[in-house]
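Novice: One structure, as C-alpha cells, below. Some questions next.
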Amino acid sequence: YEEDAQLIYFLTRLPDIYLILYKPIFTIKNAPIDGEIILISPVGIEILYVIEAEEGATIIADHDRIWYEEKNHKRSSFLNPLISLKRNEHIIKTLLQSHGIHLQIRKTIFSKHHVILAPTKPYQTNVVDKRTEEKWLLEKRRLNTTLKRDQLKSAEILLNHCLTNAVKRPEWEEAWDE
C-alpha cells in the first residue's frame, strides 16, 4: 500500500473529509466480493472504477458488456465497468438501508491518463477522464464541511462487512497491560 500509485494519488489530492475504502473485499453471506474504490464524503458516497490502460490508449465505451481499449489501430476488450459499479452500488445500498442510513450514492468511471469516448453518457454515472480530471478534483476540494455522523456510521457499517487482515502490535498489548 505504501507504493500503490492510485492510493497515493487519492490520498494526496483529496481533502481529509473524505474517507476512502480502497478496494475493499466485502463478505456477504460468507462469500468474498471485490469492491471498487469508495469515497465517503459528508454528503454522499462515490464509487470509483479506475480504468488503467496502456499509455496513449483511448477507451471506447459501448452499450454492451464489452468496452474497448484502442492504441495504434489495435483494439483489446475488457468488461464494461458499469457492471462492477452497479454491483457495488447494490451492496452498499443494501447494507446502509438495513441500518437506516440513506446517503446519495454516485458512480464514477475514472481514468486520469486516458480519453474515454462514449456515444452517450452512461446512465446515472459520471465519466472522468484526462480532460475532466482537474474539474472533478476542484469539485471535491470545494466541499467545505466537517465530518458528519452519517458519514462515520456508514463507514463503520461498510467496514463491518469487509474482510480484514490485521495483526495486534506489541505496543498495543503494552498499553492494555498498563
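The values are calculated or read from the model by the stated rules, or taken from the named source; none is laboratory data. The structure presented is a predicted model; accordingly, all values stated were derived computationally and were not measured. Note: ideal-geometry Cβ built from the backbone for every residue, glycine included; neighbour counts use all protein chains shown. Areas reflect the complete protein model, heavy atoms only, side chains present, ligands, DNA and RNA absent. Shrake-Rupley method; radii C 1.70, N 1.55, O 1.52, S 1.80 Å.
Novice: Please tell me if Leu138 is under 17 Å from Glu46 (Cβ atoms), outside any strand (DSSP E or B) and touching a His at 6+ places or on another chain (Cβ under 7 Å).
Specialist: Against the criterion (under 17 Å from Glu46 (Cβ atoms), outside any strand (DSSP E or B) and touching a His at 6+ places or on another chain (Cβ under 7 Å)), Leu138 does not qualify.
Novice: Okay, next question. Out of region 124-135, which residues are touching a residue at least 40 places away in the same chain (Cβ under 8 Å) and either more than 27 Å from Ala57 (Cα to Cα) or part of a loop (DSSP other than H, G, I, E, B) (or both)?
Specialist: Once the filter is applied, which keeps residues that are touching a residue at least 40 places away in the same chain (Cβ under 8 Å) and either more than 27 Å from Ala57 (Cα to Cα) or part of a loop (DSSP other than H, G, I, E, B) (or both), region 124-135 yields only Asp129.
Novice: For residues that are open to solvent by 40 Å² or more (accessible area, probe 1.4 Å) and of a type in the set (A, V, I, L, M), tally how many sit in region 1-30.
Specialist: Here the count works out to 7.
Novice: What's the total number of residues in region 153-172 that are touching a residue at least 12 places away in the same chain (Cβ under 8 Å), open to solvent by 80 Å² or more (accessible area, probe 1.4 Å) and assigned to a helix (DSSP H, G or I)?
Specialist: 1
Novice: Among the residues of region 74-94, what is the count of those that are closer than 15 Å to Thr27 by Cα and touching a Phe, Trp or Tyr at 6+ places or on another chain (Cβ under 8 Å)?
Specialist: 1
Novice: Checking the conditions here, which among Lys112, Lys93, Lys135, Lys121 is under 16 Å from the mean Cα position of the chain (by Cα), open to solvent by 30 Å² or more (accessible area, probe 1.4 Å) and over 28 Å from Ile157 (Cβ atoms)?
Specialist: Lys112
Novice: Which residue out of Ile37, Ile8, Ile59 is of a type in the set (A, V, I, L, M, F, W, C) and over 22 Å from Thr125 (Cα atoms)?
Specialist: Ile8
Novice: Out of everything in region 61-90 that is loosely packed, with under 12 Cβ neighbours inside 10 Å, in a loop (DSSP other than H, G, I, E, B) and charged (D, E, K, R), what residue ends up being nearest to the chain's Cα centre (by Cα)?
Specialist: Filtering first and then ranking leaves Arg65.
Novice: Could you tell me whether region 47-60 includes any residue that is crowded, with 19+ Cβ neighbours inside 10 Å and either farther than 16 Å from Ile116 by Cα or among the acidic types (Asp, Glu) (or both)?
Specialist: yes
Novice: Are any residues in region 54-75 within 23 Å of Arg106 (Cβ to Cβ) and either hydroxyl-bearing (Ser, Thr, Tyr) or touching a residue at least 60 places away in the same chain (Cβ under 8 Å) (or both), and if so, which ones?
Specialist: Answer for region 54-75, where residues must be within 23 Å of Arg106 (Cβ to Cβ) and either hydroxyl-bearing (Ser, Thr, Tyr) or touching a residue at least 60 places away in the same chain (Cβ under 8 Å) (or both): Ile59, Ala61.
Novice: Condition first: of a type in the set (Val, Ile, Thr), under 26 Å from Leu138 (Cα atoms) and not in a strand (DSSP E or B). Can you find one or more residues in region 30-53 that meet it?
Specialist: yes
Novice: Test Lys107 against the stated conditions and say whether it is open to solvent by 30 Å² or more (accessible area, probe 1.4 Å), at pLDDT 95 or above and not acidic (Asp, Glu).
Specialist: Considered against the rule, which asks whether it is open to solvent by 30 Å² or more (accessible area, probe 1.4 Å), at pLDDT 95 or above and not acidic (Asp, Glu), Lys107 comes out as no.
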